[in-house]
Amino acid sequence: MRPVRTAFAGALLGTLVLAGCGQTGTTASPSATAPTSTSAATGGFPVTIEAGNGQVTIAKKPERIVSLSATHTETLFAIGAGPQVIAVDAASNHPPEAPKTDLSGFKPNVEAIVAQKPDLVIVSDDLDQVVKELGKVNVPVLHQPSATKLDEAYEEIAELGAATGNKAKADEVVAGMKAAMDKLAAEAPKAGKLTYYHELDQTPYAATSQTFIGQIYAMFGLTNVADKAPEAAGGYPKLSAEFVAQADPDLIFLADVKCCRQSKETLAERPGWKNLSAIKNDRVVQLDDDIASRWGPRVVELAETIGAAVAKAGAS
């Protein structure tokens, strides 16, 4: 059985995001493999998935799926399960056609979820014991925690494909992601000399190399200034303005743009920041908050943005 992965990183970042900018999802096993059930391997039902809440058997192809995870909503639509999704949480804003409701993955309301008459509920966090409570009313739940590395993200996409009867398309999506990421990694500079700071919000909270997002940056040979933070805080340390100023990163990536309107100009207004190398050399990169906080198919777009910024910095 796949080990139950801790939701600490996801829950922590979710808390930071709710308190700060309202970003959704996060940046939280074995390597990516197809589920072990024979039915899963052939794309048939019943199928048994090794999820964060143990073995989950799905008797037939689900037709009324509720997703309480923005990342998994993106994945479901990417693998062709969109027509089976009848409701998603308020944070699921991609793709635009996703049937958004006022359901919450952070404060799940069991009665409201059950009212949708789902035959499968997908969550990334087991908050308020939602898995157990839905189990009491015989609603199948897949708990797919925040991925902590790319292989876990690939694995979860494959599992959602098997769970929804879309295995072939899910395998195609994973193969495409792997090929794109391998190409980006191969094209990355081999001599890593550039440093960077990834900002979650203007508190400022950051992410270390031990997080999912940190490992994406590591593909490009970048050194994370947050790794030297005095308190790692599960991979998401709260830094001081002085700490970042002293570190003087070559590149700054902002994941608090849409929610908190951060930019090179707002950074320059912070005490001691106007002379940072990244600001003076125009190396402040504004990310898409959502893409930067999720671990689904669009992680390739995030890697492409980082790769372009590194190439530009290396050429200047």
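Give the percent of DSSP beta bridges with both residues in the chain that are antiparallel, rounded to the nearest 5.
Working: 8 of 27 bridges.
In the chain, approximately 30 percent of DSSP beta bridges are antiparallel ones.
Helical runs (DSSP H, four residues minimum) scored at -39500 (n - 2.57) apiece and divided by the length of the chain put the mean residue ellipticity at 222 nm at -10500 deg cm²/dmol. Assuming a ≥ b ≥ c are the square roots of the Cα gyration tensor eigenvalues, decide whether region 196-316 counts as rounded (a/c under 1.5), prolate (otherwise, with a/b larger than b/c) or oblate. In terms of gyration-tensor shape, rounded.
The length gained by stretching the chain between Asn281 and Lys117 to full extension, at 0.36 nm per residue less their Cα-Cα distance, is 53.6 nm. From the alpha carbon centroid of region 228-298 to that of region 103-117 is 34 Å.
Evaluating 6.51 cos²θ - 1.76 cosθ + 1.60 at θ = phi - 60° for every residue in region 128-133, the Karplus couplings come out as 6, 6, 4, 4, 5, 5 Hz, glycine and proline recorded as x.
How much net charge surrounds Lys238 when only other residues with a Cβ under 12 Å from its Cβ are counted (Lys, Arg +1; Asp, Glu -1)?
Numbers: positive: none; negative: Glu199, Asp201, Glu231.
Combined, the nearby Lys, Arg, Asp and Glu give -3.
Using a probe of 1.4 Å on the protein chains alone, the accessible area found for Asp282 is around 80 Å². Between Lys238 and Ala218, full extension at 0.36 nm per residue minus the direct alpha carbon distance yields a gain of 5.1 nm.
Please label the shape of the chain as rounded, prolate or oblate, based on the square roots a ≥ b ≥ c of the eigenvalues of the alpha-carbon gyration tensor (a/c under 1.5 means rounded; beyond that, a/b larger than b/c means prolate, else oblate). Please report the intermediate quantities before stating the final value.
Numbers: a/c = 2.26, a/b = 1.70, b/c = 1.32.
It comes out prolate by the Cα gyration axes.
Between Asp250 and Thr195, Tyr196, the built amide H atoms are under 5 Å apart, and every one of these is 5 or more places off in sequence or on another chain.
What GluC sites (Glu not before Pro) in region 232-307 are in a loop by DSSP, with at most 14 other Cβ atoms within 10 Å of the Cβ? Write out the running numbers ahead of the final one.
Details: sites: Glu242, Glu265, Glu269, Glu301, Glu304; in loops: Glu269.
Hits after loop and neighbour filter: Glu269.
The values are calculated or read from the model by the stated rules, or taken from the named source; none is laboratory data. Please read these numbers as outputs of a predicted model, since none were measured by experiment. Reconstructed Cβ throughout: ideal geometry from the backbone, glycine too, with neighbour counts over all protein chains shown. Note: accessible area is taken over every heavy atom of the protein model, side chains too, but ligands, DNA and RNA are not part of it. Shrake-Rupley method; radii C 1.70, N 1.55, O 1.52, S 1.80 Å.
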